[in-house]
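Visitor: Shown below is the structure under consideration.
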Amino acid sequence: MTSANGIPLAVKITGANRNDITQLLPLVDAVPPIAGKVGRPRRRPRAVLAVRAYDSQPHRRALRHRGIVPLLARRRTEHGSGLGVYRWVVERTFAWLRQYRRLRVRYERRPDIHEAFVLIGCILICWNFLSKSF
């Protein structure tokens, strides 16, 4: 899950044979509190944009129950939902992660080691973003 700028907010590692939809709600729940303004830090995103693979009524209901607006592309509709305008941000973050050789091809057999390298990649992306903004 990324922010609107492409900064990784939460990461989950699963097997290649798992459906993405099974990880939607755990990924939303894994977003850490975002501090900055005075008051209680924001815990949840305002909206979730996702492609057709995440479209299901139970997940839409669960997101609304959490106070999140689900902007999920509908299945069995024509292309042109407009989410592609925003989807490139996520694809760019994937490309940023793939620039690291250990993440381009998975060499590790143990998932905890691979997850550690993914987290290091996310930390480096955040560091690069913050160093350019100052």
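Visitor: As a check on your grasp of the helix formula, calculate [θ] at 222 nm for the chain: sum -39500 (n - 2.57) over DSSP H runs of n ≥ 4, divide by the residue count, round to the nearest 500.
Guide: -13000 deg cm²/dmol
Visitor: In the chain, which whole DSSP H runs stretch at least 15 Å along their own axis (Cα) and average -1.0 or higher on the Kyte-Doolittle scale?
Guide: Answer set is 84-98, 111-133.
Visitor: Another question about this same structure. Rounded to the nearest 0.05, what FRET efficiency do ALA47 and ARG109 give with R0 = 30 Å and r taken as the Cβ-Cβ distance? Could you check?
Guide: 0.20
Visitor: Then there's this: Return TYR100, TYR86 ranked ascending by Cβ neighbour count within 10 Å, so the fewest neighbours appear first.
Guide: By the 10 Å Cβ count, ascending: TYR86, TYR100.
Visitor: Also, I was wondering about something else. So what are the ³J(HN,Hα) numbers for the stretch 10-27, from phi and the Karplus equation (6.51, -1.76, 1.60; θ = phi - 60°), rounded to whole Hz, Gly and Pro as x?
Guide: 8, 9, 10, 9, 9, x, 5, 8, 8, 6, 5, 4, 5, 9, 4, 5, x, 6
Readers should treat all values here as calculations from the given coordinates under stated rules, not as data from a laboratory. For clarity, every value in this text was computed on a predicted model and none was experimentally measured. So basically every Cβ, Gly included, is an ideal-geometry build from the backbone, and we count neighbours across all protein chains shown.
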